[in-house]
Amino acid sequence: MGLIGYLLLAAGLFSLGVFGLVTRKNAVGVMVAVELMANAVNLNLVAFSRFHGGNTGQVFALFSIAITVAEVVVGLALVILLFRARGDVTLDLASELKE
Amino acid sequence: MIIPHFTLNDFLPVMPVGVLMAAAIVLMLSEVFLTSTTRTYQAIIAALASIVAGGIAVNNAFEPARLVLQGYAVLDPFSSWTTAMVCLGTFLAVLLSAGFLKHRNAERGEFYALMLFAAAGMSLLSLSAEFITLFINLEVLSVATYALTAFLRRGPRPSEAGFKYFILGAFAAALLLYGAALIYGATGATKLVEVSAALPAAFAKSPALVYAGLGLVLAGFAFKVAAVPFHMWTPDVYEGAPTPVTALMSAGVKAAAFVAMVRTFLFLVKGIDPVIPFTVFSLLALLTMVGGNLLALPQRNVKRMLAYSSIAHAGYMLLGVAALFAPKLVEAGAKVGVLTATPLTGTAQDVSVAVYKGLLFYILGYTVTSLGAFGTISALERREDETRGNTWDLERFAGLAQRKPGWAAAMALFMLSLGGVPPTVGFLGKLFLFSAAVDAGLLGLAIVGVLSSVIGVYFYLRVVVYMFMRPAPIDAPAPFRHWTTELALVTSAVLVVGLGILPGTITEWFSRVGMVFGH
């Protein structure tokens, strides 16, 4: 599989993530979708790194993983807060953001 | 990638950020070792740190433009002034928070540390000249603001606002990251200088990759600056966040994201048809100016109205950005070369200088005005409002002039400044920005800007009308009193009028931001 294969796979994963973000009602599901988007990008970065030689892309991917983890920690804390405030974690982003 | 070896000297240009970070760590540690129940001392430490950091940034603004940290960041007057304004915004927001949190009985130790971390992220974001650095700083600032948004835990609103902000912020960051990855794939570099050098060849080889990358990076930034049509999260998040945090978000986060966007695209448009970025930014500016003002029009909730108004103001700043990419200026800039470390001269460059000056002055004006406006609102909030829905209704402002003439006068001043009425800083900012845009050849867009700001005057003045001409309801709340809140409001009010009457030295200093690292 050449570079183009990886790029298409990553684009597919990213689109799945966007789709999940828009359609999921569960807050945890939405977070999984966001994670999927970030990981699609990491795949891209590593594939490009291999393609170009050198390891800039891999370093970028490492940083991206570390930062996404930090972000998700805060996100999960927010989910807990949401659960405490409302008793459930379902939300309808698509309709709530309408205005 | 060669792992860079930094020496201490490399870090001197980013000293302001160091001060903010160090103070944030001190505040977190003090929370471990000190068990005092009042935390005004933390606000004072945080305010002092932002003054010191801002002072260093102002000092840096007079240094020549250059790459620092081995090409990972730039030091130029444009970013240094932004850092200084971020520090000013943080200073005012910290003072507002001290009174606000005490009144809400929500003084907890992590608040000021988070605010300083956010400020450090904002300052570094405006300096970044490399995609990894850019992404890290964007996240430093975002993660801190997510936590701050949901800081008041009572009631459903903060958690909803926090989570919404988190999801949309993470989405925007993922878009930006994807774009950066594609651009890295096309050019093989992450430093903006190297990317810019490799872009023309990359365009010839794989234009689709580069266009997709540029589009995704732009979309990521557009979310952060809340440009229409990427603005949906703004009203809910701004309404749900603690008011001083909203003030910091509307001023600091936006300013930093703007400057980072300008800097990134000054590098990234090389080799691309100059009409494309100009058209895209003009369109964004048009939609954001008109959309923000029209959406704010029916709002009776003053905090929500200010959120929409911040979108409109982002539109005016985008007008400045569009002016920077006007074909006339891009042609002139191309002749100057990569590093324009000397003051630009000649007609076209003069316009470029005027645009940078206008942008910076507008950001400065919006920072002081917005902090003042949100600060006044925060003083009228009550703890028991958290479970009710009408906290920021216009009725709450009715008759404020009879009850508290000083507060009403200050709020009226901030509203006039937001509307762009002389003699306030908001008027001068619009004047500089719009006249620079006209000089750059954006006459039509500038006219739309002026007309849409006339719409804005209606809903700003409506607040003034309620304060001065309507009788006060019986259960009208009086503003709480705390010396830090009052100090912050007096400072903003003095700056709003002072800069509006005597902009003198400041504009002269800002003119030197013609020395911008880019193109």
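A few comments on the model shown:
- Verdict on B:Pro405 being more than 25 Å from B:Thr90 (Cβ to Cβ), touching an Asp or Glu at 6+ places or on another chain (Cβ under 7 Å) and of a type outside the set (D, E, K, R): no
- Checking each residue in the range B:213-268 for being buried (at least 24 other Cβ atoms within 10 Å of the Cβ), among the aliphatic types (A, V, I, L, M) and part of a loop (DSSP other than H, G, I, E, B) picks out B:Ala226, B:Ala227, B:Val228, B:Ala241.
- Top-ranked residue in the range A:52-68 [being more than 7 Å from every other protein chain (Cβ to nearest Cβ) and either of a type in the set (A, V, I, L, M, F, W, C) or assigned to a loop (DSSP other than H, G, I, E, B) (or both); ranked as surrounded by the fewest Cβ atoms within 10 Å (Cβ to Cβ)]: A:Gly53
- Any hit, the range B:240-255, residues being within 14 Å of chain A (Cβ to nearest Cβ) and in contact with a Gly (Cβ under 9 Å, 6 or more places away or on another chain): yes
- All told, B:Ala93 meets the bar of being more than 10 Å from every other protein chain (Cβ to nearest Cβ) and aliphatic (A, V, I, L, M).
- The range B:288-302: number of residues that are within 17 Å of the chain's Cα centre (by Cα) and not β-branched (Val, Ile, Thr): 2
- Breaking point among (1) within 22 Å of B:Gly365 (Cβ to Cβ); (2) modelled with pLDDT of 85 or more; (3) surrounded by fewer than 23 Cβ atoms within 10 Å (Cβ to Cβ), for B:Trp509: (2)
- Under the condition of being β-branched (Val, Ile, Thr), surrounded by 24 or more Cβ atoms within 10 Å (Cβ to Cβ), closer than 30 Å to A:Thr56 by Cα and facing another protein chain (nearest Cβ under 9 Å), the residues counted in the range B:133-166 number 1.
- Residue check for B:Ala98: modelled with pLDDT of 90 or more, in contact with a His (Cβ under 8 Å, 6 or more places away or on another chain) and part of a helix (DSSP H, G or I): yes
- Residues that are part of a helix (DSSP H, G or I) and free of Cβ contacts under 8 Å to residues at least 60 places away in the same chain, drawn from the range B:499-513: B:Gly504, B:Thr505, B:Glu508
- Which listed residue, of A:Leu45, A:Leu9, A:Leu16, is assigned to a helix (DSSP H, G or I), of a type outside the set (S, T, N, Q) and either at the interface with chain B (Cβ under 10 Å from one of its Cβ atoms) or in contact with a Ser or Thr (Cβ under 6 Å, 6 or more places away or on another chain) (or both): A:Leu45
- Screening A:Gly12 with (1) modelled with pLDDT under 95; (2) at negative phi gives one miss only, at (1).
- Residue in the range B:312-329 that is modelled with pLDDT under 90 and either under 29 Å from B:Ile377 (Cβ atoms) or surrounded by fewer than 20 Cβ atoms within 10 Å (Cβ to Cβ) (or both) present: yes
- Residues of the range A:69-82 satisfying the condition of being touching a residue at least 24 places away in the same chain (Cβ under 8 Å) and either at positive phi or more than 8 Å from chain B (Cβ to nearest Cβ) (or both): A:Val72, A:Leu76
- Contact annotation: residue pairs with Cβ atoms under 8 Å, 6 or more positions apart or on different chains, pairing a residue in the range B:395-419 that is touching a residue at least 24 places away in the same chain (Cβ under 8 Å) and farther than 19 Å from B:Ser309 by Cβ with a partner that is of a type in the set (S, T, N, Q) and assigned to a helix (DSSP H, G or I), are B:Trp407/B:Thr376.
- Evaluated against (1) closer than 18 Å to A:Val73 by Cβ; (2) buried (at least 24 other Cβ atoms within 10 Å of the Cβ); (3) over 20 Å from the mean Cα position of the chain (by Cα), B:Ala98 falls short on exactly one condition, (1).
- If you go through the range B:434-462 and pick out every residue that is small (Gly, Ala, Ser), under 18 Å from B:Arg300 (Cα atoms) and surrounded by fewer than 18 Cβ atoms within 10 Å (Cβ to Cβ), you end up with 0.
- Of the residues in the range B:160-169, not one is in contact (Cβ under 8 Å) with a residue 60 or more places away in the chain, among the basic types (Lys, Arg) and closer than 24 Å to B:Gly320 by Cα.
- Per the conditions (1) within 17 Å of the chain's Cα centre (by Cα); (2) surrounded by fewer than 21 Cβ atoms within 10 Å (Cβ to Cβ), the sole criterion not satisfied by B:Arg108 is (1).
- Those residues of the range A:1-39 which are in contact with a Gly (Cβ under 6 Å, 6 or more places away or on another chain) and either of a type in the set (Asp, Glu) or closer than 17 Å to A:Phe60 by Cβ (or both), in sequence order: A:Met37
- Across the range B:406-420, a minimum of one residue is classified as of a type outside the set (Gly, Ala, Ser) and within 24 Å of B:Phe78 (Cα to Cα).
The values are calculated or read from the model by the stated rules, or taken from the named source; none is laboratory data. Every value quoted in this text rests on a predicted model; they were computed, and no experiment measured them. Heads up, the Cβs are rebuilt from the backbone with ideal geometry, glycines too, and the neighbour counts pull from every protein chain shown.
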